[in-house]
Amino acid sequence: CGYSDGEDILVSLPQPHVLLITLNRPKARNALRSQTLRELAATLTQATDDDGVRAVVLTGGDRVFAAGADIGELAAHTATSILTDERPRHWKTIREFPKPLIAAINGFSLGGGNELAMHADILIAGETAQFGQPEVNLGIIPGAGGTQRLTRAIGKSNAMLLNLTGTFLDARTALAQGLVSELTQPELTVSRALEIAAVIAAKPPLAVRMAKEAVLKSFETGLEQGLHAERRSFCQLFATADKQEGVAAFLEKRRPVFTGR
Ligand code: CO8
């Protein structure tokens with residue numbers, strides 16, 4: 001399919017327009033070493049430039065989505081070496097991935113693993129999943145959004161509870177608090193994520209891209225600026241062939257055929 005598996009990830013195209021990335025370092029409970037993030041970032045960069053890919057599903061294993069940063073690797077770092085670490089660059093690539101990213105989470109989603117999950121636009125979890133930011137147990141704090149994205153997702157008191165105590169959130173509570181969108185039986189998590197990806201893949205890609213960008217903008221700006229950005233993208237979409245097609249198809253009572261232009 002033009003994509004290759006890495007040492008730490010498996011990459012496939014299980015259905016048209018949808019890329020599936022599976023974290024595959026089970027012996028280390030999918031701990032995110034630099035290599036893992038490098039492979040993930042490289043695959044997402046390739047998917048960014050590939051018009052054939054319209055959505056990406058990211059998953060881990062049955063019992064562990066990802067157990068966090070690789071603690072062995074962290075142990076070798078000093079205050080100065082961590083400053084020039086390559087990983088922030090890979091996180092930036094993941095953060096700026098412009099296409100929909102859907103996480104299908106089973107088992108433990110911890111530390112940097114949970115921060116990776118929270119980079120996804122939509123999170124689907126198995127009923128037995130557990131979420132946590134246990135960095136405090138190591139004498140550190142999250143370094144890839146665990147204090148910021150988690151707080152925005154579940155609110156101050158709930159985020160404090162996880163960050164200050166290192167305890168885990170069960171899937172049902174994660175759903176109630178808004179960290180994830182849906183729960184499924186654990187064995188159906190990936191298929192449900194692929195189903196959502198298929199729905200998105202059938203939509204006009206430029207509108208999808210701008211919708212993602214606009215929603216993410218709401219975390220960065222005040223309301224007025226956010227509304228302004230939304231309006232600008234809304235107007236830009238009027239210049240697309242897919243807007244003509246979408247509206248024409250509705251009026252002609254037929255299915256639209258979107259081209260991504
Ligand atoms: N890093 C490296 N190795 C790990 C990690 C990890 N995070 N987690 C597990 N492993 C390894 C263990 O060392 C063990 O290796 P070995 O077989 O060689 O002894 C193997 O995986 C199996 O581990 P367990 O026996 O503990 O497996 P269990 O199934 O009993 O438990 C758990 C699974 C609950 C996931 C447990 O392993 C655990 O608690 N892991 C640590 C979780 C943690 O503290 N995560 C936070 C890490 S710090 C962090 O993420 C900071 C983020 C900074 C920014 C982001 C950078 C990527």
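The values are calculated or read from the model by the stated rules, or taken from the named source; none is laboratory data. If you're wondering where the values come from, they're calculated on a predicted model, not measured in any experiment. Positions of Cβ are backbone-derived with ideal geometry, glycine not excepted, and every protein chain shown enters the neighbour counts. With ligands, DNA and RNA removed, areas are computed over all heavy atoms of the protein, side chains included. Shrake-Rupley method; radii C 1.70, N 1.55, O 1.52, S 1.80 Å.
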Inset, instruction - Could you tell me whether segment 130-145 includes any residue that is away from the ligand (no atom under 12 Å from the Cβ) and open to solvent by 10 Å² or more (accessible area, probe 1.4 Å)? - result: no
Inset, instruction - Scan Ser12, Ser4 and give me the residue that is touching a strand residue (DSSP E or B) at 6+ places or on another chain (Cβ under 8 Å) and either part of a strand (DSSP E or B) or within 19 Å of Leu150 (Cβ to Cβ) (or both). - result: Ser12
Inset, instruction - Any chance you could count how many residues in segment 121-158 are assigned to a helix (DSSP H, G or I) and closer than 30 Å to Val199 by Cβ? - result: 7
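Check whether at least one residue in segment 151-163 is within 8 Å of the ligand (Cβ to nearest atom) and either touching a His at 6+ places or on another chain (Cβ under 8 Å) or touching a residue at least 24 places away in the same chain (Cβ under 8 Å) (or both), and report yes or no.
Checked segment 151-163: no residue is within 8 Å of the ligand (Cβ to nearest atom) and either touching a His at 6+ places or on another chain (Cβ under 8 Å) or touching a residue at least 24 places away in the same chain (Cβ under 8 Å) (or both).
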Legend entry - Odd one out for Leu13 among (1) closer than 23 Å to Leu206 by Cβ; (2) within 15 Å of the ligand (Cβ to nearest atom): (2)
